[in-house]
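Taking it in order: structure first as C-alpha coordinates, then the write-up.
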Amino acid sequence: MSIDTAAAQTAIVPTLPGDVVVFVGTPDAVPLAEATLSVSDLATTRGDGVFESIAVIGGVFVQLEAHLERLDHSAAMLDLPAPDLAAFEAAARLAVAAHAAEPELLVKLVHSRGPEGGVNGQVAPSGWAQVMSGPDHSAARTAGIRVVTLDRGYRHDVAQTSPWLLQGAKTLSYALNKAALREAARRGADDVIFVSSDGVVLEGPTSTVLVRHGGVFRTPRTDLGILAGTTQALVFDTLASLGFDTAEAVIPPEELAAADAVWLLSSGRLVAPVRELDGRSIPVDAALTSTLLAETFGLR
Ligand code: PLP
(Lines give C-alpha, C1' and ligand atoms only; values in the text may rest on other atoms or scores of the structure.)
Protein backbone atom coordinates (compact mmCIF):
# COMPACT_ATOMS: atom_id res chain seq x y z
CA MET A 1 0.00 0.00 0.00
CA SER A 2 1.31 3.46 -0.76
CA ILE A 3 0.53 6.62 1.11
CA ASP A 4 -0.20 9.96 -0.49
CA THR A 5 2.65 12.15 0.75
CA ALA A 6 0.69 15.38 0.47
CA ALA A 7 -2.22 13.86 2.38
CA ALA A 8 0.12 12.60 5.09
CA GLN A 9 1.48 16.13 5.40
CA THR A 10 -1.83 17.92 5.58
CA ALA A 11 -3.82 15.38 7.59
CA ILE A 12 -4.17 16.16 11.28
CA VAL A 13 -2.00 13.52 12.89
CA PRO A 14 -2.40 12.94 16.63
CA THR A 15 0.84 13.61 18.50
CA LEU A 16 2.31 10.65 20.39
CA PRO A 17 4.53 10.85 23.47
CA GLY A 18 8.23 9.96 23.00
CA ASP A 19 9.80 8.43 19.92
CA VAL A 20 7.53 7.45 17.07
CA VAL A 21 7.70 4.73 14.40
CA VAL A 22 5.88 4.36 11.09
CA PHE A 23 6.32 1.11 9.18
CA VAL A 24 6.67 1.78 5.48
CA GLY A 25 3.40 1.27 3.64
CA THR A 26 1.23 1.55 6.76
CA PRO A 27 -1.00 4.53 7.52
CA ASP A 28 -0.40 4.86 11.27
CA ALA A 29 2.31 6.11 13.58
CA VAL A 30 2.94 3.98 16.68
CA PRO A 31 4.89 4.75 19.86
CA LEU A 32 8.39 3.21 19.77
CA ALA A 33 7.50 0.84 22.64
CA GLU A 34 4.68 -0.65 20.56
CA ALA A 35 6.64 -1.04 17.31
CA THR A 36 7.51 -4.71 16.84
CA LEU A 37 9.80 -6.48 14.41
CA SER A 38 10.11 -10.20 13.72
CA VAL A 39 13.04 -11.81 15.56
CA SER A 40 13.92 -13.47 12.25
CA ASP A 41 14.29 -10.12 10.50
CA LEU A 42 17.72 -10.01 8.91
CA ALA A 43 18.21 -6.49 10.25
CA THR A 44 18.36 -7.96 13.75
CA THR A 45 20.17 -11.24 13.07
CA ARG A 46 22.68 -10.13 10.42
CA GLY A 47 22.62 -6.33 10.26
CA ASP A 48 21.62 -7.03 6.67
CA GLY A 49 20.07 -3.79 5.54
CA VAL A 50 20.73 -0.12 5.04
CA PHE A 51 19.72 3.04 6.85
CA GLU A 52 19.74 6.81 6.85
CA SER A 53 19.69 9.38 9.66
CA ILE A 54 18.12 12.68 8.68
CA ALA A 55 17.94 15.91 10.65
CA VAL A 56 14.67 17.79 10.94
CA ILE A 57 15.35 21.36 12.03
CA GLY A 58 12.43 23.59 12.95
CA GLY A 59 10.11 21.01 11.38
CA VAL A 60 11.96 21.05 8.03
CA PHE A 61 13.83 18.01 6.69
CA VAL A 62 17.48 18.64 5.86
CA GLN A 63 18.42 17.11 2.49
CA LEU A 64 15.58 14.55 2.47
CA GLU A 65 16.01 13.87 -1.23
CA ALA A 66 19.78 13.32 -0.93
CA HIS A 67 19.20 10.89 1.95
CA LEU A 68 16.56 8.97 -0.03
CA GLU A 69 18.93 8.76 -2.99
CA ARG A 70 21.72 7.48 -0.73
CA LEU A 71 19.34 4.86 0.78
CA ASP A 72 18.66 3.70 -2.76
CA HIS A 73 22.38 3.66 -3.61
CA SER A 74 23.29 1.70 -0.45
CA ALA A 75 20.47 -0.79 -1.12
CA ALA A 76 21.82 -1.37 -4.65
CA MET A 77 25.31 -2.02 -3.22
CA LEU A 78 23.81 -4.78 -1.01
CA ASP A 79 21.72 -6.23 -3.88
CA LEU A 80 18.60 -5.43 -1.86
CA PRO A 81 15.28 -4.85 -3.59
CA ALA A 82 15.07 -1.12 -4.34
CA PRO A 83 13.34 0.75 -1.52
CA ASP A 84 10.03 2.44 -2.40
CA LEU A 85 11.33 5.97 -1.88
CA ALA A 86 7.91 7.63 -2.08
CA ALA A 87 6.65 5.28 0.63
CA PHE A 88 9.73 5.97 2.76
CA GLU A 89 9.21 9.70 2.37
CA ALA A 90 5.55 9.38 3.33
CA ALA A 91 6.48 7.29 6.40
CA ALA A 92 9.11 9.84 7.43
CA ARG A 93 6.74 12.78 7.08
CA LEU A 94 3.95 11.00 8.92
CA ALA A 95 6.31 10.02 11.76
CA VAL A 96 7.55 13.61 12.15
CA ALA A 97 3.98 14.91 12.13
CA ALA A 98 3.11 12.43 14.90
CA HIS A 99 6.11 13.41 17.06
CA ALA A 100 5.92 16.35 19.43
CA ALA A 101 7.52 19.35 17.72
CA GLU A 102 11.09 20.09 18.83
CA PRO A 103 13.79 22.40 17.46
CA GLU A 104 15.85 19.40 16.31
CA LEU A 105 14.59 15.91 15.57
CA LEU A 106 16.39 12.96 13.99
CA VAL A 107 14.65 10.57 11.61
CA LYS A 108 16.10 7.13 11.03
CA LEU A 109 15.00 5.25 7.91
CA VAL A 110 15.73 1.51 7.85
CA HIS A 111 15.42 -0.77 4.83
CA SER A 112 16.09 -4.38 5.87
CA ARG A 113 16.22 -7.58 3.81
CA GLY A 114 13.27 -8.68 5.93
CA PRO A 115 12.51 -12.07 7.45
CA GLU A 116 15.10 -14.83 6.93
CA GLY A 117 13.90 -17.07 4.10
CA GLY A 118 11.62 -14.31 2.82
CA VAL A 119 7.88 -14.71 2.46
CA ASN A 120 6.80 -17.58 0.20
CA GLY A 121 10.42 -17.85 -0.90
CA GLN A 122 10.57 -14.20 -2.06
CA VAL A 123 12.71 -11.54 -0.40
CA ALA A 124 10.22 -9.37 1.51
CA PRO A 125 12.04 -6.25 2.71
CA SER A 126 10.87 -4.53 5.85
CA GLY A 127 11.21 -0.80 6.32
CA TRP A 128 10.36 1.85 8.85
CA ALA A 129 10.91 5.44 9.87
CA GLN A 130 11.73 6.23 13.49
CA VAL A 131 11.68 9.78 14.83
CA MET A 132 13.82 10.60 17.85
CA SER A 133 14.38 13.70 19.91
CA GLY A 134 17.78 15.04 18.92
CA PRO A 135 20.35 14.83 21.74
CA ASP A 136 21.81 18.13 22.95
CA HIS A 137 24.91 18.70 20.82
CA SER A 138 25.59 22.25 21.98
CA ALA A 139 28.79 21.42 23.92
CA ALA A 140 30.29 19.54 20.95
CA ARG A 141 29.34 22.35 18.57
CA THR A 142 30.79 25.13 20.71
CA ALA A 143 33.64 23.72 22.85
CA GLY A 144 34.59 21.05 20.31
CA ILE A 145 35.42 17.34 20.53
CA ARG A 146 38.49 15.22 21.29
CA VAL A 147 39.34 12.83 18.48
CA VAL A 148 41.77 9.95 18.04
CA THR A 149 42.94 8.55 14.72
CA LEU A 150 42.49 4.77 14.39
CA ASP A 151 43.67 2.40 11.67
CA ARG A 152 40.66 1.05 9.76
CA GLY A 153 42.76 -1.89 8.60
CA TYR A 154 41.85 -1.48 4.94
CA ARG A 155 43.87 0.14 2.14
CA HIS A 156 42.55 3.40 0.66
CA ASP A 157 41.51 1.58 -2.57
CA VAL A 158 39.50 -1.15 -0.85
CA ALA A 159 36.22 -0.02 -2.45
CA GLN A 160 37.68 -0.82 -5.87
CA THR A 161 39.62 -3.98 -4.96
CA SER A 162 37.06 -5.59 -2.61
CA PRO A 163 33.58 -4.17 -3.26
CA TRP A 164 32.02 -7.00 -1.20
CA LEU A 165 33.32 -5.23 1.93
CA LEU A 166 30.62 -2.62 1.19
CA GLN A 167 32.79 0.33 2.12
CA GLY A 168 30.82 3.44 1.25
CA ALA A 169 27.40 1.84 1.81
CA LYS A 170 25.42 2.91 4.88
CA THR A 171 24.71 -0.60 6.14
CA LEU A 172 23.12 -1.58 9.44
CA SER A 173 26.36 -3.38 10.39
CA TYR A 174 27.66 -0.61 12.64
CA ALA A 175 29.01 -2.84 15.46
CA LEU A 176 32.54 -2.08 14.24
CA ASN A 177 31.87 1.67 14.19
CA LYS A 178 30.52 1.44 17.75
CA ALA A 179 33.57 -0.55 18.84
CA ALA A 180 35.82 2.19 17.46
CA LEU A 181 33.91 4.78 19.49
CA ARG A 182 34.39 2.68 22.65
CA GLU A 183 38.11 2.51 21.85
CA ALA A 184 38.10 6.31 21.58
CA ALA A 185 36.44 6.54 25.00
CA ARG A 186 39.09 4.19 26.46
CA ARG A 187 41.70 6.64 25.12
CA GLY A 188 39.89 9.61 26.70
CA ALA A 189 38.39 10.90 23.45
CA ASP A 190 34.89 11.52 22.10
CA ASP A 191 35.25 10.41 18.51
CA VAL A 192 37.43 8.79 15.86
CA ILE A 193 38.95 9.58 12.50
CA PHE A 194 39.72 6.39 10.59
CA VAL A 195 42.95 6.22 8.60
CA SER A 196 43.57 3.61 5.90
CA SER A 197 46.25 0.96 6.49
CA ASP A 198 48.35 2.78 3.87
CA GLY A 199 48.08 6.18 5.53
CA VAL A 200 45.14 8.09 4.05
CA VAL A 201 42.56 9.98 6.13
CA LEU A 202 39.11 8.41 5.63
CA GLU A 203 36.10 9.37 7.79
CA GLY A 204 34.66 9.15 11.28
CA PRO A 205 32.52 6.15 12.32
CA THR A 206 29.46 8.39 11.84
CA SER A 207 30.87 11.53 10.25
CA THR A 208 32.78 13.17 7.41
CA VAL A 209 36.12 14.92 7.98
CA LEU A 210 36.62 18.58 7.02
CA VAL A 211 40.15 20.05 7.13
CA ARG A 212 41.15 23.70 6.77
CA HIS A 213 44.51 25.01 5.62
CA GLY A 214 44.29 28.79 5.17
CA GLY A 215 41.41 29.61 2.84
CA VAL A 216 41.17 26.04 1.48
CA PHE A 217 38.78 23.46 2.92
CA ARG A 218 39.24 19.82 1.97
CA THR A 219 37.40 16.59 2.62
CA PRO A 220 38.52 13.03 1.77
CA ARG A 221 37.53 11.88 -1.72
CA THR A 222 34.49 9.63 -1.83
CA ASP A 223 36.30 6.99 -3.94
CA LEU A 224 38.33 6.12 -0.81
CA GLY A 225 35.68 3.67 0.43
CA ILE A 226 33.84 6.24 2.54
CA LEU A 227 30.28 7.47 2.70
CA ALA A 228 29.44 10.54 0.62
CA GLY A 229 28.30 12.93 3.38
CA THR A 230 25.14 14.97 2.91
CA THR A 231 26.22 17.43 5.63
CA GLN A 232 29.60 17.90 3.95
CA ALA A 233 27.88 18.66 0.63
CA LEU A 234 25.75 21.37 2.27
CA VAL A 235 28.69 22.83 4.21
CA PHE A 236 30.76 23.00 1.00
CA ASP A 237 27.95 25.07 -0.60
CA THR A 238 28.06 27.47 2.35
CA LEU A 239 31.86 27.69 2.27
CA ALA A 240 31.78 28.44 -1.47
CA SER A 241 29.17 31.15 -0.89
CA LEU A 242 31.50 32.65 1.73
CA GLY A 243 34.28 32.80 -0.89
CA PHE A 244 36.40 29.85 0.30
CA ASP A 245 37.96 27.20 -1.94
CA THR A 246 36.75 23.64 -1.39
CA ALA A 247 38.12 20.35 -2.70
CA GLU A 248 37.88 16.59 -2.34
CA ALA A 249 41.39 15.27 -1.74
CA VAL A 250 43.69 12.48 -0.60
CA ILE A 251 44.79 13.73 2.82
CA PRO A 252 47.69 12.18 4.75
CA PRO A 253 47.33 12.10 8.57
CA GLU A 254 50.24 14.56 9.02
CA GLU A 255 48.07 17.20 7.33
CA LEU A 256 45.40 16.69 9.98
CA ALA A 257 47.88 17.46 12.73
CA ALA A 258 49.14 20.53 10.84
CA ALA A 259 45.67 21.87 9.94
CA ASP A 260 44.38 25.31 10.90
CA ALA A 261 41.16 23.60 11.94
CA VAL A 262 39.38 20.24 11.63
CA TRP A 263 35.66 19.47 11.91
CA LEU A 264 33.53 16.33 11.89
CA LEU A 265 30.29 16.74 9.95
CA SER A 266 27.18 14.57 10.31
CA SER A 267 23.41 14.77 10.15
CA GLY A 268 22.77 14.71 13.91
CA ARG A 269 25.62 16.76 15.42
CA LEU A 270 25.95 18.74 12.18
CA VAL A 271 29.24 20.68 12.60
CA ALA A 272 31.60 19.73 15.44
CA PRO A 273 35.04 21.37 15.65
CA VAL A 274 37.88 19.10 16.75
CA ARG A 275 39.72 20.60 19.72
CA GLU A 276 42.14 17.75 20.43
CA LEU A 277 43.68 15.27 18.00
CA ASP A 278 45.53 12.23 19.41
CA GLY A 279 46.00 14.06 22.71
CA ARG A 280 47.33 17.32 21.19
CA SER A 281 45.31 20.54 21.16
CA ILE A 282 44.38 21.95 17.77
CA PRO A 283 42.80 25.36 17.16
CA VAL A 284 38.99 25.65 17.25
CA ASP A 285 37.48 28.23 14.91
CA ALA A 286 34.40 29.01 16.98
CA ALA A 287 33.35 31.97 14.86
CA LEU A 288 33.40 30.03 11.60
CA THR A 289 31.66 27.06 13.24
CA SER A 290 28.75 29.24 14.33
CA THR A 291 28.64 30.87 10.88
CA LEU A 292 28.43 27.41 9.26
CA LEU A 293 25.65 26.34 11.66
CA ALA A 294 23.73 29.55 11.06
CA GLU A 295 24.18 29.84 7.29
CA THR A 296 23.74 26.16 6.49
CA PHE A 297 21.08 25.10 8.98
CA GLY A 298 19.58 28.33 10.34
CA LEU A 299 20.82 27.45 13.85
CA ARG A 300 21.67 30.55 15.90
N1 PLP B 1 30.43 8.61 7.32
C2 PLP B 1 29.79 7.65 8.00
C3 PLP B 1 30.44 6.30 8.15
C4 PLP B 1 28.53 7.89 8.57
O5 PLP B 1 27.89 6.93 9.24
C6 PLP B 1 27.95 9.17 8.44
C7 PLP B 1 26.63 9.48 9.02
O8 PLP B 1 26.11 8.77 9.84
C9 PLP B 1 28.65 10.16 7.74
C10 PLP B 1 29.89 9.84 7.17
C11 PLP B 1 28.09 11.54 7.58
O12 PLP B 1 27.03 11.53 6.65
P13 PLP B 1 25.86 12.57 6.71
O14 PLP B 1 26.47 13.93 6.75
O15 PLP B 1 25.11 12.36 5.45
O16 PLP B 1 25.05 12.29 7.94
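The values are calculated or read from the model by the stated rules, or taken from the named source; none is laboratory data. These figures come from a predicted structure and were not determined experimentally. Positions of Cβ are backbone-derived with ideal geometry, glycine not excepted, and every protein chain shown enters the neighbour counts. Each accessible area value is taken on the protein alone, full model and side chains, heavy atoms only, with ligands, DNA and RNA left out. Shrake-Rupley method; radii C 1.70, N 1.55, O 1.52, S 1.80 Å.
Helix content alone sets the calculated 222 nm mean residue ellipticity of the chain: runs of n ≥ 4 DSSP H residues at -39500 (n - 2.57) each, divided across all residues, give -8500 deg cm²/dmol.
A 1.4 Å probe run over segment 20-132, with the rest of the protein chains in place, finds 42 Å² accessible per residue. Over all orientations, segment 138-297 has a Cα convex hull whose mean projected area works out to 8.6 square nanometres. Chymotrypsin sites (Phe, Trp or Tyr not before Pro), restricted to segment 57-137: which are DSSP loop and have at most 10 other Cβ atoms within 10 Å? Within segment 57-137, no chymotrypsin sites (Phe, Trp or Tyr not before Pro) qualify (loop, at most 10 other Cβ atoms within 10 Å). Taking the alpha-carbon centroid of each part, what is the distance from segment 35-69 to segment 224-300 in angstrom? After rounding, the separation between the Cα centres reads 25 Å.
Mind checking segment 181-278 for chymotrypsin sites (Phe, Trp or Tyr not before Pro) that DSSP puts in a loop (not H, G, I, E or B) and that have at most 15 other Cβ atoms within 10 Å? Passing both the DSSP loop test and the Cβ count: 244.
Its relative contact order, with pairs defined as Cα atoms under 8 Å and 6+ residues apart, puts the chain at 18 percent.
Please report the equivalent ellipsoid semi-axes of segment 20-132, computed as sqrt(5 x eigenvalue) of the Cα gyration tensor, largest first, in whole Å. Walk me through the intermediate numbers first.
On the way: eigenvalues 112, 51, 23 Å².
Ellipsoid semi-axes (Å, largest first): 24, 16, 11.
In the chain, what % of DSSP beta bridges are antiparallel (nearest 5)? Intermediate results must be reported in sequence, preceding the final value.
Numbers: 44 of 58 bridges.
If we restrict to bridges inside the chain, about 75 percent are antiparallel.
Expressed as a whole percent, the accessible surface of the chain that belongs to carbon and sulfur atoms is 54, based on a 1.4 Å probe. Computed from backbone phi with θ = phi - 60° and the Karplus coefficients 6.51, -1.76 and 1.60, the 3J(HN,Hα) list for segment 195-212 is 10, 5, 5, 9, x, 10, 5, 10, 7, x, x, 9, 7, 9, 8, 10, 10, 10 Hz; x is used for glycine and proline.
Count Lys and Arg as plus one, Asp and Glu as minus one, and take only other residues whose Cβ is under 12 Å from that of residue 221; the net charge is then -3.
Kirkwood hydrodynamic radius (Cα pairs, Å) of segment 170-260?
About 14.1 Å for segment 170-260.
Averaged over its residues, segment 179-300 has an accessible area of 39 Å² per residue, based on protein heavy atoms and a 1.4 Å probe. For the chain, the Kirkwood hydrodynamic radius from C-alpha pairs, put into Stokes-Einstein at 4 °C and a viscosity of 1.567 mPa s, yields a diffusion coefficient of 65 µm² per second.
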